[in-house]
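Note sheet for the following structure.
The values are calculated or read from the model by the stated rules, or taken from the named source; none is laboratory data. Small disclaimer: the values here were computed from a predicted structure and weren't measured. Heads up, the Cβs are rebuilt from the backbone with ideal geometry, glycines too, and the neighbour counts pull from every protein chain shown. Accessible surface is based on the protein model in full, side chains and every heavy atom, while ligands, DNA and RNA are left aside. Shrake-Rupley method; radii C 1.70, N 1.55, O 1.52, S 1.80 Å.
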Amino acid sequence: MGRTETTQPAPSRRERMRAATVEEIKQTALRLIHEHGSAGLRFADIARTMGLTAPALYRYFADRDELLTALVADSFDSLASALAATRGQVAADDLDGRFLATCTAYRDWARGNPDRFALIFGVPVPGYAAPPEGPTAVAGERLMAHLRDLMADSARLGRRGNPLVPDGDEAVLLAWASVHGFVWLEAHGHLGSLDPDARDRLFAVQTRVAAATAGLALPA
């Protein structure tokens with residue numbers, strides 16, 4: 001007998017309306033973060049922008065911290081999806097190319113989503129701490145898994161050279177930190193004295209440093 005496939009029932013009108021309102025709250029919060037920074041994010045301001053009362057928001061989020069957690073998790077997921085989509089365009093056995101694509105996608109996402117990048121990697125929001133377990137932890141782990149997969153593939157295929165850091169997990173962490181440091185400086189305007197071509201050249205060098213840390217060799 002063939003396998004019987006089950007389908008999920010379509011969301012009800014009420015569920016669709018709730019999901020749309022949750023998304024509107026998130027987008028409004030992101031706009032206010034862009035305009036005023038994350039430290040001053042308040043339910044009252046979000047509600048006023050949306051034409052609601054502040055108590056109405058508590059039907060969707062328990063408090064500001066729960067909203068921030070949702071925004072951070074969404075941002076991690078958005079970044080991880082961007083890395084997966086770009087890396088998936090490179091042949092599975094082209095490990096160097098996949099590493100370069102991952103680093104480039106990381107930079108492009110940060111430049112295209114500066115507010116989200118600042119939310120997850122910028123100055124901590126006063127009074128807010130992401131839960132040690134929960135959506136932010138899961139989403140952050142998904143991000144790091146991309147680099148760990150590259151290291152695992154290079155070892156499996158016998159393509160890992162002489163890494164500066166032999167331990168695989170430490171190599172992943174330092175490779176990411178090397179690329180992230182450049183991207184963070186650029187995203188926060190600290191490389192504004194350099195023209196775009198110069199920043200591109202420096203980023204190319206930075207990816208080589210990160211690759212050498214992990215035992216990969218990018219083409220000239």
*Compute, for E23, the solvent-accessible surface of its heavy atoms (probe 1.4 Å) with the complete set of protein chains present, and express it in square angstrom to the nearest 10.*
90 Å²
*asked:* Helix-only mean residue ellipticity at 222 nm, the chain, DSSP H runs n ≥ 4 weighted -39,500 (n - 2.57), per residue, nearest 500. What is it?
replied: -22000 deg cm²/dmol
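If the chain between T49 and L164 were fully stretched, how many nm would it gain, using 0.36 nm times the residue separation less the Cα-Cα distance?
So the chain would gain 36.2 nm between T49 and L164.
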*Can you work out the FRET efficiency for the pair R18 and A137, with r the C-beta to C-beta distance and R0 = 30 Å, to the nearest 0.05?*
0.75
*Taking Cα pairs under 8 Å and at least six residues apart, what relative contact order does the chain come out at, in percent?*
19 percent
*asked:* Counting heavy atoms of the protein chains only and a 1.4 Å probe, report the per residue accessible area for region 15-85 as a whole number of Å².
replied: 51 Å²
*Arrange the residues R31, R59 by how much accessible surface each exposes, largest first, with a 1.4 angstrom probe.*
R59, R31
*Relative packing of 95-101, 210-216, which averages over residues the other C-beta atoms within 10 Å, highest first*: 210-216, 95-101
*When the chain is treated as a GNM, springs tying every alpha-carbon pair under 10 Å, which of M17, M50, M144 comes out with the largest mean-square fluctuation?*
M17
*Express in % the proportion of alpha carbon pairs of region 55-172 at distances exceeding 20 Å.*
52 percent
*Under a GNM of the chain (C-alpha, springs under 10 Å), which listed residue has the highest mean-square fluctuation: D167, D153, D108?*
D167
*Be a star and scan region 100-120 for residues whose amide nitrogen sits under 13 Å from the point 7 Å along the Cα-to-Cβ vector of V90.*
100-107
*asked:* Please list, short to long, the whole-number percent of alpha-carbon pairs of the chain in consecutive 10 angstrom bins beginning at zero.
replied: 7, 27, 29, 21, 13, 3, 0
*asked:* If you consider only alpha-carbon coordinates, what radius of gyration and Dmax does region 59-125 have, in Å?
replied: 14.8, 49
*Starting from the Cα of A204, step 7 Å along the direction of its Cβ; do the same at Y128; then give the gap between the two resulting points in nm.*
3.8 nm
*Of the accessible area of the chain, with the probe set at 1.4 angstrom, what percent is carbon plus sulfur?*
56 percent
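Can you give the net charge of the other residues whose Cβ lies under 15 Å from the Cβ of L191, counting K and R as +1 and D and E as -1?
It works out to a net charge of 0.
Taking each full run of DSSP H in the chain as one helix, which ones are at least 24 Å long along their axis (Cα atoms) and have mean Kyte-Doolittle hydropathy of at least 0.0?
TM-like helix candidates: 64-87, 168-187.
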